[in-house]
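Below is one structure; the comments refer to it alone.
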Amino acid sequence: MSEENVKKVKKEKPVRKKARGEANTERQKAIRDFLKSLIFPLCFLAVIGIAVFAIINLVNPEVEKNPVVPYGYDGEVEPVVLENDQLIFSMDPTTTLFTVTKKSTGKVWSSYIEEAESDSKALSEEKGRMQSNLLLTYSIKSGLETIYDTKRFSVDNSIYEISKDGDTLKVKYTLGKVSREYIMPTVIRVAELDAYRDKMEKSDSSMVKDMYKKYDIKKLKKGDNKEELLEKYPVLATDPIYVLKADAREDRKNRIEKALEGAGYTYDQYLADKELDQSESEEDNQLFNVEMDFRLDGDDMIVEVPLDSLEYNADAPITLLSPLPYFGAGSKDQEGFMLVPEGGGGIIEYNNGKIAQNSYYANMYGWDMCLRRRYVIHNTRAYFNAYGQSTEDGSFLCIMEDGSSYASVKASVSGKVNDYNFVYADYQIIPKEQFEISDMSSSAVYSFLPSLPEGEKLVQRYRFIDSSDYVDMAYAYRDYLETTYGEYMSLNSDEKAPVSVEILGAVDKVQQILGVPVSLPLKLTTYKEAGEMIEDMQGSDIGKISVKYTGWCNGGVNQKILTSVNTIPALGSKKDLSDLGTSASGLGVDLYLDGITQYEHRSNLFNGFISYRDAARQLTKERAELFNYSHVTYAAREGFKSYYLLHTSLAMTMADNLVAAAKTYGTGVSFQDIGMDLSSDFYRKETHSREDTKAKNKELLKSLDDKKIMINMGNDYAVPYVDMVTNMDLKGSEYTIIDENVPFYQIAIHGYIDYTGDPINISGDDQEELLRCVEYGAGLNFTLMKESSFALQKTLYTEYYGCEYAAWRDRMFEMCKRYNRELGHCFKQEMKDHEILSPYVRATTYADGTKVYVNYSFSEDYVAEDGTKVPARDYTVVR
């Protein structure tokens, strides 16, 4: 090779090395960039993992399991009887099923279905429930629920106990998939058992020996597997043992237990011997203890479930209890009906054939707003605490007393799940709520209320009535209310029909201020204009007028939190509002200042509201943020006009502030939410159950005995303490399974409490609402404003388009004057009867004999038997 070529080769070597070095550098950079790109996803996944771990282990932490010790049936076979002058209660101790006999008629009511096993529709599980006094539903962390009934999971295993304590019969059930746990060893050392046998009678000693098989590691028989035996019973390596035979019958186990107890065998020794047996499977069989107490009180049977009696493992909380689900159920061959608390009352006829329809379901007092809802198709609500059944020869009414706020009422007709018509109440014991973990997680994790409210109990009062008429059932409910509330249930002395008028003060509307959109109050009726409207109405003698002034403070109808109560300058001065109160009082008109106390709307730090401090907490520890729901998708419209439920204690303070403001201006107080909405607060530092909130609301209303009080809807626990109930849901939802709507609740309270239906002028069909008020004995209700309806354009308050006072004045006056002239004298009387005369005609009768016919037909007049003519879409009063 020439010298020149050698030099070229030498020059090229460094170039190739440099190229390889650059390639290595680029590869390393690419690797570093790739690793860097993984940092965020890995961190994100780590955060998700930690969150899931925290939710599972911190929100529902693992707790030490306390063994639920089962009860045991003592073998008694003689019926257990309770008796007073009116009733005989007789329980079969072998099944715990019972009957109640009304002495005056001989009518017998059963807690069970006698022919359950031959039911043509029921599945085996349902047949067990039809022969049970209690259903218990429990849940696990994943949300899966399981139902136990007292027949299959307690009575059939003889794990229950019956005892009498004075005039109370106590039945204590253990519910579970396992048989009774006998206090006797499955494995025990030979020397120890022989020592106990020496203390027994000869027959018992022989029987015990026959029930156990002896193993000695030094003397194993042919076929004994040494390794397997040592794995199951490690103690065999050092000591001979006895092992209970697998085919030992329950009666023999019971004899062994008693014989060992007599010989001095203790529960501590039993626990020690359990450790010797490693063959037992660790399957997750849950046990629950629950007590039901029965006693008689005059014509009533009272059933109680003390919540303090509930025993369960924390990893399987009890979510629902259903006492006496088939009490008084009517067969497919019987005639009768079920009464449900839908609107003023709903009648579901026995065997109505509507098996393709949903069964009846309604939450007592509506939804607990502290529990999250992702979708809302329909809100169910019952505002009085009673349901019942009626047959040809009698009826009963079940009144849910303590614990009613946890209840929901269910009813079904024959042919759907079985051959019977039945109605009962479910009680939510421990609520649960699903966590929002991540879209990347497919597993469901639930949070549960960590403990039961202390000292609470479920109480159901069954009142037996010698009549099959729903009117007589309503009388019985009225008697109950009078006994329970005493002087708070006294007849009115009014000579005029009640007329409730809601006057709208202001609403919020987005307006331009220097080109900036700002939400400001829009004047609808000033304080002075409200006074002028009241004077005009009172001067026309349209009835006993009660005025609710809504949207008078803190921004208007969609009111901000009441940490301070501020009038709205656009409506006038404080003096103007004070003058309004004085003027109304002088005219003899009850004026109520309306306010929202349980919620905040459009509030912030400047209004004294901090959501992290003031909002109630859900089970997931999140703030109780509430949403409107889409009418198309039914989903929550997050971010659109959401608002918060307040801490219970703060809500009570807001109520006090509203009361103080009403006192300042010399008016009554109207609570927009108390008496209608009822919610929990799961804030860990200050938890309030629904029952606790109910008690606080009752205490507040009772403390205002010297003030005029108005509420909406009229939940039964609030009604006796108030002067006026507006917006009562008279008819309820039009569930297909319901055959007739009747004024059951109104029969019970008419003449004692003034109440109205929905506002007639914005009800959609004013004549229909008027006729409903006539039938149900309700006062008339209107929502009005001074401004023209055009003022509400470009606002979110289109529901008030029909509220212009000038447009409705003449029609309202005409309607009210006739109503007051013909029916005003009835509002100090009890409602004595209600009849369904045809599919479109109803008749209501009052104590003095006044009879009111209502014809809902659009085209046909009706002629009564006495010759009274009732025009279509009208009413006629006969005195």
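Run Asn820 past the list (1) more than 21 Å from Tyr470 (Cα to Cα); (2) open to solvent by 60 Å² or more (accessible area, probe 1.4 Å) and report the number of the one that doesn't hold.
So the condition that Asn820 fails would be (2).
Limited to segment 701-718, what total is found for residues that are over 26 Å from the mean Cα position of the chain (by Cα) and at positive phi?
Looking only at that region, the number is 0.
For Asp277, state whether it is touching a residue at least 40 places away in the same chain (Cβ under 8 Å), part of a loop (DSSP other than H, G, I, E, B) and touching a strand residue (DSSP E or B) at 6+ places or on another chain (Cβ under 6 Å). Explain how you work it out, then say what you get.
Details: touching a residue at least 40 places away in the same chain (Cβ under 8 Å): yes; part of a loop (DSSP other than H, G, I, E, B): yes; touching a strand residue (DSSP E or B) at 6+ places or on another chain (Cβ under 6 Å): yes.
Yes.
How about segment 330-348: which of its residues are open to solvent by 20 Å² or more (accessible area, probe 1.4 Å) and assigned to a loop (DSSP other than H, G, I, E, B)?
Lys332, Asp333, Gln334, Glu335, listed by residue number.
Per-residue answers, yes or no, for (1) among the hydrophobic types (A, V, I, L, M, F, W, C); (2) in contact with a Gly (Cβ under 7 Å, 6 or more places away or on another chain):
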site	(1), (2)
Glu161	no, yes
Lys164	no, no
Lys172	no, no
Gly176	no, no
Ala195	yes, no
Val208	yes, no
Ile217	yes, no
Asp224	no, no
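Identify all residues within segment 467-490 that are of a type in the set (Val, Ile, Thr) and open to solvent by 30 Å² or more (accessible area, probe 1.4 Å); write none if there are none.
Pass one, segment 467-490, residues of a type in the set (Val, Ile, Thr): 471, 483-484.
Residues satisfying the conditions are Thr483, Thr484.
Collect the residues in segment 220-270 that are β-branched (Val, Ile, Thr), under 14 Å from Tyr182 (Cα atoms) and assigned to a helix (DSSP H, G or I), keeping them in residue-number order. It would help to see each step written out before you state the result.
Step one: filter segment 220-270 for residues β-branched (Val, Ile, Thr), giving 235, 238, 241, 243, 256, 266.
Restricting the remaining residues to those that are under 14 Å from Tyr182 (Cα atoms) gives 256, 266.
Matches in segment 220-270: Ile256 only.
Take segment 446-477 and flag every residue that is closer than 25 Å to Thr844 by Cα, not in a helix (DSSP H, G or I) and not hydroxyl-bearing (Ser, Thr, Tyr). Please lay out each step first, then the result.
First pass over segment 446-477, keeping only residues closer than 25 Å to Thr844 by Cα: 463-477.
Right, trim to not in a helix (DSSP H, G or I) and you get 463-469.
Across segment 446-477, the qualifying residues are Arg463, Phe464, Ile465, Asp466, Asp469.
Out of Ser670, Ser689, which single residue is under 21 Å from the mean Cα position of the chain (by Cα) and either among the polar types (S, T, N, Q) or modelled with pLDDT under 95 (or both)? So that I can check it myself, show each step before the final result.
Values: Ser670 fails: under 21 Å from the mean Cα position of the chain (by Cα).
From the options Ser670, Ser689, the qualifying one is Ser689.
At pLDDT 95 or above, assigned to a strand (DSSP E or B) and among the polar types (S, T, N, Q), is that true of Asn351? Break it down stepwise before answering.
Numbers: at pLDDT 95 or above: yes; assigned to a strand (DSSP E or B): no; among the polar types (S, T, N, Q): yes.
No.
How about segment 408-429: which of its residues are surrounded by fewer than 24 Cβ atoms within 10 Å (Cβ to Cβ) and closer than 18 Å to Ser680 by Cβ?
Ser408, Asp426, Tyr427, Gln428, listed by residue number.
Restricting attention to segment 865-879, report how many residues are assigned to a loop (DSSP other than H, G, I, E, B), more than 14 Å from Thr845 (Cα to Cα) and without any contact (Cβ under 8 Å) to a residue 40 or more places away in the chain.
Residues of segment 865-879 that are assigned to a loop (DSSP other than H, G, I, E, B), as a first pass: 865-868, 871-873, 879.
Then keep just the ones that are more than 14 Å from Thr845 (Cα to Cα); that gives 865-868, 871-873.
Right, trim to without any contact (Cβ under 8 Å) to a residue 40 or more places away in the chain and you get 865-868, 871-872.
Qualifying residue count for the region: 6.
Tell me the strands (runs of 3 or more DSSP E) entirely within segment 568-685 that contain at least 2 residues that are among the small types (Gly, Ala, Ser).
Details: elements: 590-595, 643-645, 668-671.
In segment 568-685, 668-671 are the strands (runs of 3 or more DSSP E) which contain 2 or more residues that are among the small types (Gly, Ala, Ser).
Can you confirm whether segment 397-408 contains a residue that is over 21 Å from Thr137 (Cβ atoms), outside any loop (DSSP other than H, G, I, E, B) and over 21 Å from the mean Cα position of the chain (by Cα)? Give the derivation first.
Of all residues in segment 397-408, those over 21 Å from Thr137 (Cβ atoms) come to 397, 399, 401.
Then drop every residue that is not outside any loop (DSSP other than H, G, I, E, B), which leaves 397, 399.
Checking the rest, the ones that are also over 21 Å from the mean Cα position of the chain (by Cα) come to none.
Checked against the condition, which is being over 21 Å from Thr137 (Cβ atoms), outside any loop (DSSP other than H, G, I, E, B) and over 21 Å from the mean Cα position of the chain (by Cα), segment 397-408 yields no hits at all.
Considering only segment 776-804, state which residues are part of a helix (DSSP H, G or I), open to solvent by less than 10 Å² (accessible area, probe 1.4 Å) and more than 29 Å from Tyr846 (Cβ to Cβ). Reasoning before the result, please.
So in segment 776-804, the residues part of a helix (DSSP H, G or I) come out as 776, 789-792, 798-800.
With the extra rule that they be open to solvent by less than 10 Å² (accessible area, probe 1.4 Å), the set shrinks to 776, 792.
Residue satisfying the conditions is Leu792 alone.
Mind telling me which of the residues Ser519, Ser451, Ser493 ends up being open to solvent by 30 Å² or more (accessible area, probe 1.4 Å), more than 30 Å from Lys107 (Cα to Cα), without any contact (Cβ under 8 Å) to a residue 60 or more places away in the chain and hydroxyl-bearing (Ser, Thr, Tyr)? Can you show your working first?
Working: Ser519 fails: without any contact (Cβ under 8 Å) to a residue 60 or more places away in the chain; Ser493 fails: without any contact (Cβ under 8 Å) to a residue 60 or more places away in the chain.
None of the other options fit; the residue is Ser451.
State which residue is modelled with the lowest pLDDT when the search covers only segment 528-567 and only residues that are farther than 16 Å from Asn781 by Cα, open to solvent by 20 Å² or more (accessible area, probe 1.4 Å) and in a helix (DSSP H, G or I).
Only one residue fits best here, namely Gly539.
Hey, among Arg295, Arg252, which residue is touching a strand residue (DSSP E or B) at 6+ places or on another chain (Cβ under 6 Å) and among the basic types (Lys, Arg)? Walk me through it before giving the result.
On the way: Arg252 fails: touching a strand residue (DSSP E or B) at 6+ places or on another chain (Cβ under 6 Å).
Going through Arg295, Arg252 in turn, just one is touching a strand residue (DSSP E or B) at 6+ places or on another chain (Cβ under 6 Å) and among the basic types (Lys, Arg): Arg295.
Restricting attention to segment 600-630, and to residues there that are hydrophobic (A, V, I, L, M, F, W, C) and in contact with a strand residue (DSSP E or B) (Cβ under 9 Å, 6 or more places away or on another chain), which single residue is farthest from Ser564 (Cα to Cα)?
Among those residues, the one meeting the criterion is Leu619.
What number of residues within segment 354-374 are over 18 Å from Phe422 (Cβ atoms) and among the hydroxyl-bearing types (Ser, Thr, Tyr)?
Going through segment 354-374 one residue at a time, the tally reaches 1.
Please give the number of the condition Asn820 fails out of (1) touching a residue at least 40 places away in the same chain (Cβ under 8 Å); (2) part of a strand (DSSP E or B).
Of the numbered conditions (1) touching a residue at least 40 places away in the same chain (Cβ under 8 Å); (2) part of a strand (DSSP E or B), the odd one out for Asn820 is (2).
Yes/no per residue for (1) surrounded by fewer than 20 Cβ atoms within 10 Å (Cβ to Cβ); (2) small (Gly, Ala, Ser):
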| position | (1), (2) |
| --- | --- |
| Leu619 | no, no |
| Phe627 | yes, no |
| Ala662 | no, yes |
| Gln672 | no, no |
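Can you say whether Gln278 is open to solvent by 40 Å² or more (accessible area, probe 1.4 Å), polar (S, T, N, Q) and at pLDDT 90 or above, as far as the supplied structure shows?
Working: open to solvent by 40 Å² or more (accessible area, probe 1.4 Å): yes; polar (S, T, N, Q): yes; at pLDDT 90 or above: no.
Here the answer is no, as Gln278 does not meet what is asked.
Could you grab me the full set of residues in segment 826-879 that are surrounded by fewer than 17 Cβ atoms within 10 Å (Cβ to Cβ), closer than 26 Å to Glu495 by Cα, modelled with pLDDT of 95 or more and of a type in the set (D, E, K, R)?
Asp833, Glu835, Asp848
So in segment 222-237, with the set limited to residues that are touching a Phe, Trp or Tyr at 6+ places or on another chain (Cβ under 9 Å) and not acidic (Asp, Glu), which one is surrounded by the fewest Cβ atoms within 10 Å (Cβ to Cβ)? Spell out the reasoning first.
Filtering segment 222-237 down to residues touching a Phe, Trp or Tyr at 6+ places or on another chain (Cβ under 9 Å) leaves 224, 229, 233, 236.
Still in the running and not acidic (Asp, Glu): 229, 233, 236.
Details: Leu229: 18, Tyr233: 20, Leu236: 21.
Only one residue fits best here, namely Leu229.
Out of Lys696, Lys707, report the one residue that is out of contact with any Lys or Arg (no Cβ under 9 Å at 6 or more places or on another chain), open to solvent by 40 Å² or more (accessible area, probe 1.4 Å), of a type outside the set (Gly, Ala, Ser) and within 24 Å of Tyr383 (Cα to Cα). Break it down into steps so the answer makes sense when it comes.
Working: Lys707 fails: out of contact with any Lys or Arg (no Cβ under 9 Å at 6 or more places or on another chain).
Checking each option against the conditions leaves just Lys696.
What are the residues in segment 357-380 that are in a loop (DSSP other than H, G, I, E, B) and open to solvent by 60 Å² or more (accessible area, probe 1.4 Å), if any? Give the derivation first.
Restricting attention to segment 357-380, the residues satisfying the condition of being in a loop (DSSP other than H, G, I, E, B) are 357-359, 365-374, 376-380.
Matches in segment 357-380: Gln357, Asn358, Trp367, Arg374, Ile377, His378, Asn379.
Looking at segment 500-516 only, could you name the residues that are open to solvent by less than 40 Å² (accessible area, probe 1.4 Å), in a strand (DSSP E or B) and not aliphatic (A, V, I, L, M)? Spell out how you get there, then give the answer.
Looking only at segment 500-516, we keep the residues that are open to solvent by less than 40 Å² (accessible area, probe 1.4 Å), and these are 500-508.
If we keep only those that are in a strand (DSSP E or B) too, we end up with 500-504, 506-508.
Passing the criteria: Ser500, Glu502, Asp508.
Run Arg772 past the list (1) within 22 Å of Thr844 (Cα to Cα); (2) basic (Lys, Arg); (3) assigned to a loop (DSSP other than H, G, I, E, B) and report the number of the one that doesn't hold.
(3)
The values are calculated or read from the model by the stated rules, or taken from the named source; none is laboratory data. All figures in this text were calculated on a predicted structure; none of them were measured in a lab. Cβ atoms come from the backbone with ideal geometry, glycine included; neighbour counts cover every protein chain shown. For the accessible areas, the whole protein counts, side chains as well, though only heavy atoms, and no ligand, DNA or RNA atoms are used. Shrake-Rupley method; radii C 1.70, N 1.55, O 1.52, S 1.80 Å.
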